[in-house]
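Readers should treat all values here as calculations from the given coordinates under stated rules, not as data from a laboratory. Just so it is clear, the model here is predicted, and its values are computed rather than measured. Counting neighbours? That spans all protein chains shown, and the Cβs are built from the backbone with ideal geometry, glycine included.
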Amino acid sequence: MKGASVIGVGMIPFGKYPDTNITDLGWPAVKAAIADAGIDARRIQAVYSGTARGGAMVGQRIMGRLGLAGLPIVNVENACSSSSSAMAQGVMAIASGAYDIVLVIGVEKLTKFGGGTLPLDEDDWEVQLGLTMPALYAMRAQRYMHDYGVSLKDVAGVSVKNRKNGALNPDAQMRKEVSVEEVLASRMIADPFTLLQCCPTGDGAAAIILASNAMAKQLRSDPIEVRASHLTSGRFMSGFRDMTSPEITVRGAREIFEEAGLGPEDIDVAEVHDAFSIAELIYYEAFGFCARGEGAALLNSGATGIGGRIPINPSGGLLAKGHPVGATGAAQVVEIVRQLRGQAGARQVEGARVGMTHATGGGISGFDHGACSIHIFQR
Amino acid sequence: MGESIRAQAMPRTGVLYAFSVVHVAAKKWKKPMRIGYVDLKNGARVFTHLEGADLAIGDEVEVGVGTVGDDDEGPIRSFVFRKVER
């Protein structure tokens, strides 16, 4: 198998672009990634484009606008893991030997829904009864606080940390720091979550150019190697399950660490799927950055802040950078590549050599989540 | 994997595993909307609407019927769980 490396990244700042269509959100990110790679765009041999709610043929629309269509384009839908799943397809396409250079896109426009919670599939029986994503994560939070005696102030601390990071990121949707008092005093969405413990509604796009390791070394002096790439789906369970431990991410973490020959202690920086405040604490534990029930203590110790032992979501994460769902996985890769190249500016994690991205999602009855894709990168 | 599915009577009581009082949801739902997961003694977990202001994780709850919202066709009736009064 051939290894893959990232040779170019680009994104548009996440935010609200109600007057811009999805094609026009997407192409500037692709153009930026091509410019960053410094290659002739005609060298791209295949495209994997992720969107959850963008509709049909989004990859073709974007490449057509750039005058670059007429090559294999695969559109990928996997809810919040759409572009991280597209990334896994791109890595596999390089590994197969079929291509030397491929493009991965993530793009989403959520402002078209006019606000409120993310629309879910009405065929699902829990959705038919009124389940929303904030309510699902809220139940996880309630049970977590019950089982581990963690206070709401501790959980809300995730929002404080990630908004602080987002203030340092020009590509973040939310660029203002908030205090824990402001987080707790914001409007109630689904108890215990106030508005500032929920990721914002927004739009965005991100793109990545992958090359085989051999090609990457010819094209630039500082390619970022994909050390391991992982994609899995949740498992259906109709009976009791522990909502404080995310089955799909626990399994994904174990499998990718095995594939990479690494452990949690080897990760210097990570972007994880903090769609709601509680999620980040649960994922600290799922990846083994701390023991079960120790997530709040890890956060409060400062270990997961920039400059800490294991900085998490230096970009601001979903809570501050924003979560245009299908674009999230690709944007996480953009952040980790910038961190490993030393191009992250005021939010730079000093000396980071190994980084990780994690995007999971898809609310389906009986599943922890529908999909989860994790990547580990090294310079 | 199997296709041998059949209707079965379910226990009427269970234990509240987790719940949330939801303030933002589709217009048709009565708000605040109390929803949660109830674990039945036969091993099944049910997603359900709840009634009662003083609910807590671990409460024993019992199934009934209630109005949980309103849509174009009138009141939305559903099974709901309420705390078992001792």
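Counting every pair of alpha carbons in segment A:23-137, the share spaced more than 18 Å apart comes to 55 percent. The modelled label-to-label distance between B:Arg86 and A:Glu258, using points 7 Å beyond Cα along the C-beta direction, is 4.6 nm. For A:Ser212, the shell of other residues with beta-carbons less than 14 Å away shows a net charge of +2, using +1 for Lys and Arg and -1 for Asp and Glu.
This ranking places A:Asp274, B:Asp54 by how few other beta-carbon atoms lie within 10 Å of each, fewest first, which gives B:Asp54, A:Asp274. Along its first, second and third principal axes, ordered by size, segment B:12-86 spans 36, 23, 21 Å in Cα coordinates.
Take the residue pairs A:Lys16/A:Lys176; A:Lys176/A:Lys321; A:Lys153/B:Lys30; A:Lys109/B:Lys28 and return only those whose Cα atoms are more than 19 Å apart. Mind showing how you got there, number by number?
Working: A:Lys16/A:Lys176 16 Å; A:Lys176/A:Lys321 11 Å; A:Lys153/B:Lys30 29 Å; A:Lys109/B:Lys28 25 Å.
Over 19 Å apart, Cα to Cα: A:Lys153/B:Lys30; A:Lys109/B:Lys28.
Using a cutoff of 8 angstrom between alpha carbon atoms and counting only pairs six or more residues apart, the relative contact order for segment A:141-204 works out to 26 percent.
A full extension of the chain between A:Phe236 and A:Lys217 corresponds to an added length of 2.6 nm, given 0.36 nm per residue minus the alpha carbon distance.
Only Lys, Arg, Asp and Glu carry charge here, each on its Cβ (+1 for the first two, -1 for the last two); on that basis segment A:329-379 has a dipole of about 280 debye about its Cα centre. Approximating the spin labels as points 7 Å out from Cα along Cα→Cβ, the A:Asp24-to-A:Ala346 distance works out to 3.0 nm.
When the Cα atoms of segment A:237-334 are enclosed in a convex hull and the volume is divided per residue, what value in Å³ results? Intermediate values should be presented prior to the final figure.
Working: hull volume 11.6 nm³, N = 98.
Residue-normalised Cα hull volume stands at 119 Å³.
Give me the mean projected area, in nm² to one decimal, of the convex hull enclosing the Cα positions of segment A:176-263.
Result: 10.7 nm².
Need the C-alpha centroid separation for segment A:81-97 versus segment A:203-250, integer Å. When both Cα centres are located, 8 Å separates them.
Note on A:Leu66 and B:Glu60: their simple-model spin labels are 6.3 nm apart, each label 7 Å out from Cα toward Cβ. Across segment A:223-366, C-alpha contacts under 8 Å between residues 6 or more apart give a mean separation that, scaled by the residue count, equals a relative contact order of 27 percent.
With a cut-off of 8 Å between alpha carbons and a minimum separation of six or more residues, what is the relative contact order of chain A in percent?
Numbers: 946 pairs, mean separation 99.4, N = 379.
Value for chain A: 26 percent.
Think of it as helices only: each DSSP H run of n ≥ 4 in the protein assembly as shown is worth -39500 (n - 2.57), and spread over all residues that comes to -8500 deg cm²/dmol at 222 nm. Restricting the calculation to alpha carbons of the protein assembly as shown gives Rg and Dmax of 22.2, 75 angstrom. In terms of its alpha-carbon gyration tensor, segment A:1-89 comes out rounded; the largest-to-smallest axis ratio a/c stays below the 1.5 threshold.
Could you work out the Rg to Rh ratio of segment A:224-264, with Rh taken as the Kirkwood radius (inverse of the mean 1/r over all Cα pairs)?
Numbers: Rg = 12.7 Å, Rh = 11.8 Å.
Rg/Rh: 1.08.
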